[in-house]
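**Student:** I'd like to ask some things about the structure below.
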Amino acid sequence: MVWAMAELATKPQVMKKAQEEVRNCIGNKGKVTETDTEQLHYLKMIIKETLRLHPPGPLLLPRETTSHFKVLGYDIDPKTVVLVNDWAISRDPEFWKDPQEFIPESFDDSCVDFKGQHYEYLPFGTGRRICPGMYMATTTMELGLANLLYCFDWKVPDGMKEEDINME
Ligand code: HEM
């Protein structure tokens, strides 16, 4: 969630749009609750985009092969440790337009999600060992970020510019 906050702090126009969505939806209720987040489509796109550019598990979890197989002409022996470079996959220009930019709108009208069916985007992995905490993680992030956007305007510290924050 810190990455999402850093991206928003450096992109005031994205933050404004997200704040407007949350504040219009919640009105004077005082706080965002779990049932409210269903309506926060832009916020969900921000979280997806954050997980694309800043996957907390950039190489997923190491796996060990149990039998010999061939992939793209390479022989993979049994007991080989295999890493999936999700960080690189989710910045691949073959699948993503302007892949280095933070553009939540890329997920608008797109069926790409993190449930492991879209191999260009695997922040929670895929298959039988996909992250079982996926919904807990996204629900917690949505709720936390929505409440922060609802209650606060945040910005980079005085004397600092947006471009001073190194997102690498
Ligand atoms: C943003 C938050 C999270 C991210 C990005 C994340 C990502 C991942 C990834 C990439 C894997 C490996 C999947 C694979 O190799 O295919 C994994 C596995 C796992 N995650 Fe998460 N995770 C998150 C939060 C959580 C939470 C909140 C829990 C528990 C409450 C959790 C529990 C697990 C467990 C137990 C596994 C191992 C599953 C297995 O090997 O069968 N994760 N996670």
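**Student:** So which residues in the range 88-120 are small (Gly, Ala, Ser), away from the ligand (no atom under 16 Å from the Cβ) and touching a residue at least 24 places away in the same chain (Cβ under 8 Å)?
**Tutor:** Within the range 88-120, the first condition is being small (Gly, Ala, Ser), and the residues that meet it are 88, 90, 106, 110, 116.
Remaining after also requiring away from the ligand (no atom under 16 Å from the Cβ): 106, 110.
If the condition is that a residue be small (Gly, Ala, Ser), away from the ligand (no atom under 16 Å from the Cβ) and touching a residue at least 24 places away in the same chain (Cβ under 8 Å), then Ser106 is the only one that fits.
**Student:** Residues of the range 34-82 being among the polar types (S, T, N, Q), in contact (Cβ under 8 Å) with a residue 40 or more places away in the chain and away from the ligand (no atom under 15 Å from the Cβ), which ones?
**Tutor:** Within the range 34-82, Thr37 is the sole residue that qualifies.
**Student:** Restricting the search to the range 121-143, which residues are more than 9 Å from the ligand (Cβ to nearest atom) and aliphatic (A, V, I, L, M)?
**Tutor:** Selection gives Leu143 alone.
**Student:** Another question, then. Here is a check on your reading of the model: is Leu53 over 29 Å from Glu163 (Cβ atoms) and touching a Pro at 6+ places or on another chain (Cβ under 9 Å)? Steps first, answer last, please.
**Tutor:** Details: over 29 Å from Glu163 (Cβ atoms): no; touching a Pro at 6+ places or on another chain (Cβ under 9 Å): yes.
Criteria not met by Leu53.
**Student:** Only one of these conditions is not met by Asn85: (1) under 21 Å from Asn147 (Cα atoms); (2) within 14 Å of the ligand (Cβ to nearest atom); (3) loosely packed, with under 15 Cβ neighbours inside 10 Å; (4) of a type in the set (S, T, N, Q). Which number is it?
**Tutor:** All conditions are met except number (1).
**Student:** Starting from the range 133-145, keep only residues that are over 13 Å from Ile46 (Cβ atoms), then list their pairs with residues that are in a helix (DSSP H, G or I) and charged (D, E, K, R) whose Cβ atoms are within a distance under 9 Å, requiring at least 6 positions of separation or different chains.
**Tutor:** Close Cβ pairs satisfying both conditions: Leu143/Asp36.
**Student:** Condition (residue is at pLDDT 95 or above and within 23 Å of Val32 (Cα to Cα)) applied to the range 109-122: is it met by at least one residue?
**Tutor:** The answer is no; no qualifying residue exists.
**Student:** Moving to a separate point now. Please go through the range 109-156 and pick out each residue that is touching a Phe, Trp or Tyr at 6+ places or on another chain (Cβ under 8 Å) and more than 19 Å from Gly57 (Cβ to Cβ).
**Tutor:** Leu148
**Student:** Specify which of the listed residues (Gly125, Gly116, Gly159) is loosely packed, with under 13 Cβ neighbours inside 10 Å and assigned to a loop (DSSP other than H, G, I, E, B). I'd like the intermediate steps shown before the answer.
**Tutor:** Numbers: Gly125 fails: loosely packed, with under 13 Cβ neighbours inside 10 Å; Gly116 fails: loosely packed, with under 13 Cβ neighbours inside 10 Å.
Residue meeting the stated conditions: Gly159.
**Student:** For the range 59-82, give me each residue that is surrounded by 12 or more Cβ atoms within 10 Å (Cβ to Cβ) and of a type in the set (D, E, K, R).
**Tutor:** Across the range 59-82, the qualifying residue is only Arg63.
**Student:** What is the number of the single condition among (1) surrounded by fewer than 18 Cβ atoms within 10 Å (Cβ to Cβ); (2) of a type in the set (A, V, I, L, M, F, W, C); (3) more than 20 Å from Tyr119 (Cα to Cα) that Leu8 does not meet?
**Tutor:** Unmet condition: (1).
**Student:** While we're looking at this one, here's another question. Scan (1) at pLDDT below 95; (2) part of a loop (DSSP other than H, G, I, E, B); (3) within 11 Å of the ligand (Cβ to nearest atom) for the single condition Trp154 breaks and write down its number.
**Tutor:** Failed condition: (3).
The values are calculated or read from the model by the stated rules, or taken from the named source; none is laboratory data. This structure is a prediction, so every number in the text was calculated from the model and none was measured. So basically every Cβ, Gly included, is an ideal-geometry build from the backbone, and we count neighbours across all protein chains shown.
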